[in-house]
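To keep things clear, I will list the structure first and then write my remarks on it.
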Amino acid sequence: MSAAPLIPPKPSLTSLREAARGCTACHLYELGTQTVFGEGRAHADLMLVGEQPGDREDVEGRPFVGPAGHLLDKALADAGITRAKVYLTNAVKHFKWKPAGKRRIHVRPDAYEVRACRPWLDAEIAVVRPRLVVALGATAAQALLGNDFRVTKDRGRVFDLPPRILATVHPSSVLRARTDEERAVAFDGLVADLRVAAREIAE
Ligand code: URA
């Protein structure tokens, strides 16, 4: 299945968000509380694409409002990027999880789910027309740049597809670092890549 038949003709962000609310293109709608659609500036120069909403995002219905979102906010600020000026979204718009006691643990979406959800992301890119898309982590990077793309190898470089795309690590990977030192290095790397993005859209 694919979300393609659900894309409204001549879409706007409002009509897309409305249509995505009832998306059943893959089985994840049975797992998540709600569709978490992208949000932000309508014609943002910069679009950031994450993997999928997390537990907090699933509850609030907004992308990047949980721990990874807070870290991303800090990284954006350090890179001189104002969150209010970007458009934030995810490759997959429902939270995929499994139970662990009382908690809901993130499960990485598979290729089928990313593909089913892809028409929403394509439509967001077409409507927002960002000057640069930043893929956060491997799921978003591979959705946009192909399955062979390796963030470890090609992060921080701009690929002129169109759209222009730069991939970097996912903020959750910074949170998962084992030691404070590793976390600081990972955070600095994320900020450095976001600075490249900031320079790209300033030119
Ligand atoms: N991780 C993501 O990839 N996206 C979110 O919205 C939150 C956490």
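The values are calculated or read from the model by the stated rules, or taken from the named source; none is laboratory data. It should be emphasised that the depicted structure is a prediction, and the values quoted were computed from it without experimental measurement. A quick note on method: Cβ atoms are made from the backbone with ideal geometry, for glycine too, and the neighbour counts reach across all protein chains shown. Just the protein is used for accessible areas: all its heavy atoms, side chains included, with ligands, DNA and RNA removed. Shrake-Rupley method; radii C 1.70, N 1.55, O 1.52, S 1.80 Å.
Quick look at the values:
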quantity: Number of the condition not met by His70 [criteria: (1) open to solvent by 60 Å² or more (accessible area, probe 1.4 Å); (2) within 12 Å of the ligand (Cβ to nearest atom); (3) part of a loop (DSSP other than H, G, I, E, B); (4) of a type outside the set (Ser, Thr, Tyr)]; calculated: (3)
quantity: Long-range neighbours under 8 Å by Cβ, at least six apart or interchain, first residue within 9 Å of His94 (Cα to Cα) within segment 6-35, second part of a loop (DSSP other than H, G, I, E, B) and of a type in the set (Lys, Arg); calculated: Leu28/Lys96; Leu31/Lys96; Gly32/Lys96; Thr35/Lys93
quantity: Extreme residue, most open to solvent (accessible area, probe 1.4 Å), among residues of segment 34-67 that are within 8 Å of the ligand (Cβ to nearest atom) and among the small types (Gly, Ala, Ser); calculated: Gly54
quantity: Of all residues making up segment 101-143, the number that are open to solvent by 50 Å² or more (accessible area, probe 1.4 Å), closer than 16 Å to Leu6 by Cα and either of a type outside the set (Gly, Ala, Ser) or in contact with a Gly (Cβ under 6 Å, 6 or more places away or on another chain) (or both); calculated: 3
quantity: Test: residue in segment 110-129 that is under 24 Å from Leu76 (Cα atoms), more than 18 Å from the chain's Cα centre (by Cα) and not aliphatic (A, V, I, L, M); calculated: no
